[in-house]
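Undergrad: Handing you a structure now.
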Protein chains: 2
Amino acid sequence: MTAREPLQVGRAEVRCDAAAKTAGIEPYAADLYPENLLWAGVVRAGIASGRLLSVATEAALAVSGVYKVLTAADVSGPNRHGIIHRDTPVLVNERVRHAGDAVALVLAESRTALRQAIARVRVEIEPLPAVFDPEAALTEGAPLLHEGHAGNILLAAEIRTGEADRALSRCEVVVAGEFSTPMQAHIYLETENGVARLEKDGTLTMTVSSQSPFRDRFEVGTALGIPYDRLHIVAPCLGGGFGGKDGATVQCLLALAALHAEGRPVKMHWEREESMVAGYKRHPCRLRYRLGADRDGTLIALHCSLLYDTGAYAHLGGEVMELGMEHAGGPYRIPHVLIEGRCVYTNNPVAGAMRAFGVCQVAFAMESMMDLLAQELGMDPLELRLRNALVEGDDNCAGLRLTTSTGMVGCLERLREHPLWQERQAWKAQAPPQTRRGLGLAAVFNAAGYGGKVRDAAIAKVELNAEGKIVVHNAVTDMGQGNGSAFVQMAGHILSQDAGQMELRQPDTRTAYPSGSASAGRTTYTFGNALIKACEELRARLINRAGLLLFLDDDRDLRLVPGKVIHPPTGRQVEFAQLAAFMPQEDRVCISQFVAPVCEQPPDTAKGFFIGFPHVIFAYGAHLARIEVDLLTGLIRVCDYVAVTDGGTVLNPTMLDQQIQGGVAQGIGYALMEEVERHEGRVHSDSLATYLIPTAVDLPDIHSCRLEGAEATGPFGLKGVGEVAMNGPLPAVANAVDQACGIRLHQAPLTPERVLLALEEKA
Amino acid sequence: MTAREPLQVGRAEVRCDAAAKTAGIEPYAADLYPENLLWAGVVRAGIASGRLLSVATEAALAVSGVYKVLTAADVSGPNRHGIIHRDTPVLVNERVRHAGDAVALVLAESRTALRQAIARVRVEIEPLPAVFDPEAALTEGAPLLHEGHAGNILLAAEIRTGEADRALSRCEVVVAGEFSTPMQAHIYLETENGVARLEKDGTLTMTVSSQSPFRDRFEVGTALGIPYDRLHIVAPCLGGGFGGKDGATVQCLLALAALHAEGRPVKMHWEREESMVAGYKRHPCRLRYRLGADRDGTLIALHCSLLYDTGAYAHLGGEVMELGMEHAGGPYRIPHVLIEGRCVYTNNPVAGAMRAFGVCQVAFAMESMMDLLAQELGMDPLELRLRNALVEGDDNCAGLRLTTSTGMVGCLERLREHPLWQERQAWKAQAPPQTRRGLGLAAVFNAAGYGGKVRDAAIAKVELNAEGKIVVHNAVTDMGQGNGSAFVQMAGHILSQDAGQMELRQPDTRTAYPSGSASAGRTTYTFGNALIKACEELRARLINRAGLLLFLDDDRDLRLVPGKVIHPPTGRQVEFAQLAAFMPQEDRVCISQFVAPVCEQPPDTAKGFFIGFPHVIFAYGAHLARIEVDLLTGLIRVCDYVAVTDGGTVLNPTMLDQQIQGGVAQGIGYALMEEVERHEGRVHSDSLATYLIPTAVDLPDIHSCRLEGAEATGPFGLKGVGEVAMNGPLPAVANAVDQACGIRLHQAPLTPERVLLALEEKA
């Protein structure tokens, strides 16, 4: 038998879920079909604005196999959910604000009966004036979606450092631009779903595809008047999340169904169409930028205005915009900054969290501006970025003094040495006929953690189970990014265990502890820090208990190896199974907590902000896209892509590369093709035939380069990198297109139509 | 309502058991009378050496109310117990080695029936030659008690540094003396007792007056062939222990009785007589000393031979002698040392652990020698001690380099400033008629902890219980010294809780964790260090969970106060009861461990030692006795007593003073009156009418002075002081008597008869 090799931090360990996922046996919520289940489905408004007059259920109830039809009248409790603002009805009781609003809930014995019944619920809605354009929503006389929100403004805020406008008026060079970004959908493989059941003891148990099982208890509990400790929520691995499962999707509806199912299990699973209509989306955004510099390329001033369309309900709209504002000036030193932001309600689908949470919108604008400025100055765009790149000790554009690891310069320098950058002229010159080649850069960054005034904390639990295996209780959902596997690797490293000795449990509000959502690049950072402490305590206990069983004078020579504690000087050992038999359950469980650091002296630069400002830890990246533009079709092809990333110390290089490649892929979709198309607030591109995402053939080789440098506060020096890569592709490709064809595209996605139009305009 | 005041380390907090003990409601094992109990009692050999021929039980069984009579034939398992050497029969099967050997075990419905039946068990023993004098035991031809122990030697060992004999031959001044010390009894208020029951699930549960419940499981289990995890042992507060309950007394017998009681509870309670006959005793010791110095008083060489009488079985005899040897040179620098020790078997009662564990014997000899030397040199005895007193960095007489706090000089200096020392001449001169007055000194020290090659470790557990109280699970018996109260004080200090918010549980092998015995001055040191870590973790959790419930961004402003966590900036708070409801049981329990430091580089000075050498931490003390000798009766009266103690940082001044006063009182009994008198191995002084201990009227004011100085490895800087004070009174009084009357007493106790004899000899 070969020696079992302990897992090690820093090494490209195989993900612990690789085999199960490859074999298709990893259990997702969507795989659950409890015996005797009832199907639950939603009747949606179908029009974007109106007054609900009546819901006639007779025809639906007449369908064979229909169990119940519920309306707002069946909801006890406030009937409102939402993470920050509790403004979203579980079932509409009066006002319809977007076409995906839920009006009634049908329970049926089969999916067929469910579909038939949903079609036969007669909903009478009196149409009301609607508004779909965020600028129109701001105008006087526009229909108001929510009381107390004049001008439909969910949040208006600003960040101000120095005197931007006065400084701009004195700058030697000023460039300006207006940009817009699309509504993007998350397009997880596993759409929103879950099962729930009201247990005999009054507990409502739910297994759901959720990024935030612990918070869900409060959201569901508040909406339906259930004490949070009567809600037991389990979140298995997700088939994708990307922010779209952060907050209640099916949860409140499922709970409501379960409350009326007399103890029978209830299953709800949105099909792709429903996911597109009713799921959360990325905020479309309009951005106006003016950027000024000295002739030598030193950035002096920035003034920008951002308009985020949050759709019918608040969800995380204000926070998404705030993060965008915090990043609006890019990873640069700019002494004079004025960033104005407004997030407005419209009758569009609800926007919320999505990977890079408001940041990829501003990255498009700011990085386009940087290339415009470089052109204006006749400077190399990489050198312009290097000259202004943030270093530790600088104040960033939000006025925050940077005290944590800041690898922006390192990323740019690494990119400068990359062969694809070095050989750029030769490659460009070899463009095929009717084709133009170009290279585009983007310098990106992305905050990690919830930011100021939000508790960013985790409680980790690790145990030696009764059989002598090490069980890591993950409490932050693994949506596919592999945080669970990272936790096993960390625990294995500290406890010197191999994968076979470890077991990973996914979040369960009964057996794990509140640790926040899987989001904001915080997952491995925050939970990992707590986990390290728990594992160190477990290691101390295992060593100590083994020393006790071996009657050792001193524990210093004891070592953990896979499955046992050994004492090399004497050759004696204690198997974990022996330890497990010796240690009572309470002794086999170690629990530790971590609260992420917040800014000790928040700058006085932000006005109108609610929570989430400022952040203290940022991942950085320098991206390069090599593209070809087909001059006949307008099609952009991304040929190669380089992403240099500063994510602190790398726990697992393969997993970091996968995160970066995934982010770049999703960013290329955002850059080239993805847009949720609507008409009168109704989603038209509601299938994967009409909403295109890049497939393997649409994607280039994505070269991930890792700039390692420990972040002192991070677990083993790590920073989160789940989001940063999303920010690069759109501006890098837009900059490359400009370099290739001399056209500056201001509206994303950069579709062939838009390219052709710009080429025509230029011609 | 007045604010509740948190407990504080360093303050003279009232002992948490004060009220219960004063009111007589603290439950001791002896207070337990379970329903339907059977009484168990022992038939003892009654002669000191012989061969057991038969045990006739018929007459005993005929007594009304007798349930069973058990003999060795009823013992399954090896029928041998012992802490280090398993040489003591639970019930004699062949050889009788001392008069207290247990021969049969009687179970009866009442204590009366028990007594009658014990008297009627007919034991036939063929007498064998016996040996009662330890020197005689060494001679060729002496009866051998145990196979494999030629010369009846349990352990022969030596400590050697430099070349003692050669150096002595060259010393300017050499003094010599021979000393002997008595067998002392512990005389706890609560004699040995316990109750036991065989539960339906096969568990043997025992509540017993024991200093070592966790070790008892192994001792009982090994003797009777019961797996240790089937033994559940609870040790409530003891009515005294002093070492006499360290190791099995009633335990094996009780367990044997319970195994044969068909599930009925069994109670055994030794009366005073049985305790005197069968309980462990302090080793009588004979000591020969030669001590050499320069004319200026610098100690040069010591050669001493120690002979410890361990009685019929090993128990802790070897270890007791080893500790005596380690302390034989006193708290002084002596470059050339040869200490020879022999511990021998005799047919006397079994000696074992007793407060100061072998050390008070050598302290008598060494401190007498120091005064002899001072006389010889014409030096002030205090100055002589100061000149030679150990300081940190010195090698002590066992060759150990001192790396921990060493307050010997400080103690002597403090004593020198004391009014009783300053006014010594005047006081002496005012002796009443027929009376002589004298002052005597002793410089003492006592190791803490088990010493090398023995695991000295503890595992502490503290929890927030379901009602929101802080429960400290003491795992090292509180024999009355108040360690439990010290633990509550420490936990209260760390967790900022008042006494009313705290609850103390006494050791229970099911709910607490193996933490060694209550002995060796290690209790508060070792367990306290573990407890600090557990309390700090609980504090971290309470703060964190409160922060979670209050949705606080950052936990830094949260503070613990009695019964709750408060957030002064907002005035919000979380009651412990709320936290308890929120936190699952596993989360409310914190467990931490500590392994006491051992000597990193043990000196190569000790030969023949088994375990327990060397120690690294020592408490120090300087004692002064003011005495009067009645020239007509020979009676010594101790008029005043000063004890300066270096016990590191003082946790609770009152409790330290009480420990010191208790030790001095027991030491005065040892000095003046206590001796277990025997004839042919049978104890004659088997009652408190014949074995006298000092009462309040026999004791002087005992002034405790605290020399505070933190020991870096100790909990809050503490060192254990349970034993050190025991070492002073005998030599201090002997030195005072010499000063008063010019007689040097070499044999303890210093009875009136011996004083008169010495006065006569002198005259």
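Undergrad: Give me the distance in nm between label points sitting 7 Å out from Cα along the Cα-to-Cβ direction at A:E760 and A:L688, one decimal.
TA: Roughly 3.3 nm, to one decimal.
Undergrad: Check each of the trypsin sites (Lys or Arg not before Pro) in the stretch A:709-762 and keep only those in coil by DSSP with at most 13 other C-beta atoms within 10 angstrom; list them in order.
TA: none
Undergrad: Another one. Antiparallel as a % of all DSSP beta bridges within chain A, to the nearest 5?
TA: Around 80 percent antiparallel, to the nearest 5.
Undergrad: May I pose another question? Rounded to whole Å and sorted largest first, list the principal axis extents of the Cα atoms in the stretch A:537-657.
TA: Principal extents (largest minus smallest coordinate, Cα): 79, 44, 25 Å.
Undergrad: Something else: Among the GluC sites (Glu not before Pro) within the stretch A:671-763, which fall in a DSSP loop and have no more than 13 other Cβ atoms within 10 Å of their own Cβ?
TA: For GluC sites (Glu not before Pro) across the stretch A:671-763 that sit outside H, G, I, E and B with at most 13 neighbouring Cβ atoms in 10 Å, the list reads A:E677, A:E680.
Undergrad: Would you kindly work out, in nm and rounded to one decimal, the distances from the label point of B:R111 to those of the same position in each other copy, ordered shortest first, with label points 7 Å along Cα-to-Cβ?
TA: So the label point of B:R111 gives 8.0 nm to the other copies.
Undergrad: May I ask for the distance between the Cα centers of the stretch A:32-70 and the stretch B:125-146, given as a whole number of Å?
TA: Taking the Cα centre of the stretch B:125-146 as reference, the centre of the stretch A:32-70 is 98 Å away.
Undergrad: Look at the axis of the rotation that sends chain A onto chain B, then give the chain A residue with the nearest Cβ and the distance in whole Å.
TA: A:E586, 3
Undergrad: What is the stretch A:446-525 by shape, rounded, prolate or oblate, if you read a ≥ b ≥ c off the alpha carbon gyration tensor as root eigenvalues and call it rounded for a/c under 1.5, prolate for a/b larger than b/c, and oblate otherwise?
TA: It is prolate, given that a/c is not under 1.5 and a/b is the larger ratio.
Undergrad: Checking understanding here: applying a Kyte-Doolittle mean of at least 0.0 and a length along the axis of at least 20 Å (C-alpha), which whole DSSP H helices in chain B pass?
TA: B:359-377, B:528-549, B:653-672
Undergrad: Would you tell me the mean number of C-beta atoms belonging to other protein chains that fall within 10 Å of each C-beta in B:457-466, as a whole number?
TA: Mean partner-chain Cβ count within 10 Å for B:457-466: 2.
Undergrad: For chain B, rounded, prolate or oblate, judged on the Cα gyration tensor with a ≥ b ≥ c (square roots of eigenvalues), a/c < 1.5 rounded, else prolate if a/b > b/c?
TA: Oblate is the answer for chain B, as a/c is 1.5 or above yet b/c matches or exceeds a/b.
Undergrad: Let a ≥ b ≥ c be the square roots of the eigenvalues of the Cα gyration tensor of the stretch B:70-124; is it rounded (a/c under 1.5), or, if not, prolate (a/b larger than b/c) or oblate?
TA: In terms of gyration-tensor shape, prolate.
Undergrad: Assume the label is 7 Å from Cα along Cα to beta carbon: what separations in nm does A:D133 have to the matching positions in the other copies?
TA: Inter-copy label distances (nm, one decimal, shortest first): 12.1.
Undergrad: What is the magnitude of the charge dipole of chain A about its Cα centre, with +1 placed on the Cβ of each Lys and Arg, -1 on the Cβ of each Asp and Glu, and no other charges, expressed in debye to the nearest 20?
TA: About 640 debye.
Undergrad: Right, something else. Run through the other copies and list how far each one's label point is from that of A:P568, in nm with one decimal, shortest first; the point sits 7 Å from Cα along Cα-Cβ.
TA: Sorted ascending, the copy-to-copy spacings read 5.0 nm.
Undergrad: Something else: Under 18 Å from the 7 Å Cα→Cβ point of A:A59, by amide nitrogen: which residues of the stretch A:93-123?
TA: Answer for this model: A:103-107, A:113-123.
Undergrad: What number comes out for accessible area per residue over chain A if the probe is 1.4 Å? Units Å², please.
TA: In whole numbers, chain A has 34 Å² accessible per residue.
Undergrad: Also, I was wondering about something else. Considering only the protein assembly as shown, what is the antiparallel percent among its DSSP beta bridges, to the nearest 5?
TA: Of those bridges, close to 80 percent are antiparallel.
Undergrad: Which whole-number value in Å³ per residue fits the convex hull of the alpha carbons of the stretch A:341-396?
TA: 140 Å³
Undergrad: Which of the lysines could a cross-linker bridge to A:K428, judged by Cα under 19 Å and excluding same-chain residues fewer than eight apart?
TA: Within the straight-line limit of under 19 Å, A:K428 reaches no lysines at all.
Undergrad: What value, in deg cm²/dmol to 500, does the helix sum -39500 (n - 2.57) over DSSP H runs of n ≥ 4 give at 222 nm once divided by the residues of chain A?
TA: So the helix-based figure for chain A works out to -8000 deg cm²/dmol.
Undergrad: Students often forget the sequence filter, so: which lysines lie under 16 Å Cα-Cα from B:K281 once same-chain residues fewer than 8 apart are removed?
TA: In chain and number order, the partners are B:K245.
Undergrad: Along the charge dipole of the protein assembly as shown, pointing to its positive end and built from +1/-1 on Cβ of Lys, Arg, Asp and Glu, which listed residue (B:L632, B:G521, A:N193) has its Cα farthest out?
TA: Selected residue: A:N193.
Undergrad: Against the 2.2 N^0.38 Å scaling, with N counting residues, where does the protein assembly as shown land? I'd like the Cα-based Rg ratio to two decimal places.
TA: For the protein assembly as shown, the normalised Cα radius of gyration is 1.16.
Undergrad: Restrict the search to the stretch A:92-174; then list the GluC sites (Glu not before Pro) that DSSP places in a loop and that have at most 11 other Cβ atoms within 10 Å of their Cβ.
TA: Sites meeting the loop and neighbour criteria: A:E94, A:E140, A:E147.
Undergrad: So how much slack lies between B:L189 and B:R556, counting 0.36 nm per residue of separation and subtracting their Cα-Cα distance, in nm?
TA: Taking B:L189 through B:R556 to full extension adds about 127.1 nm, to one decimal.
The values are calculated or read from the model by the stated rules, or taken from the named source; none is laboratory data. Nothing here was measured: the structure is a model prediction, and the numbers come from that model. Cβ: placed from backbone, ideal geometry, glycine included. Neighbour counts: every protein chain shown. Surface areas here come from the heavy atoms of the whole protein model, side chains and all, with no ligands, DNA or RNA. Shrake-Rupley method; radii C 1.70, N 1.55, O 1.52, S 1.80 Å.
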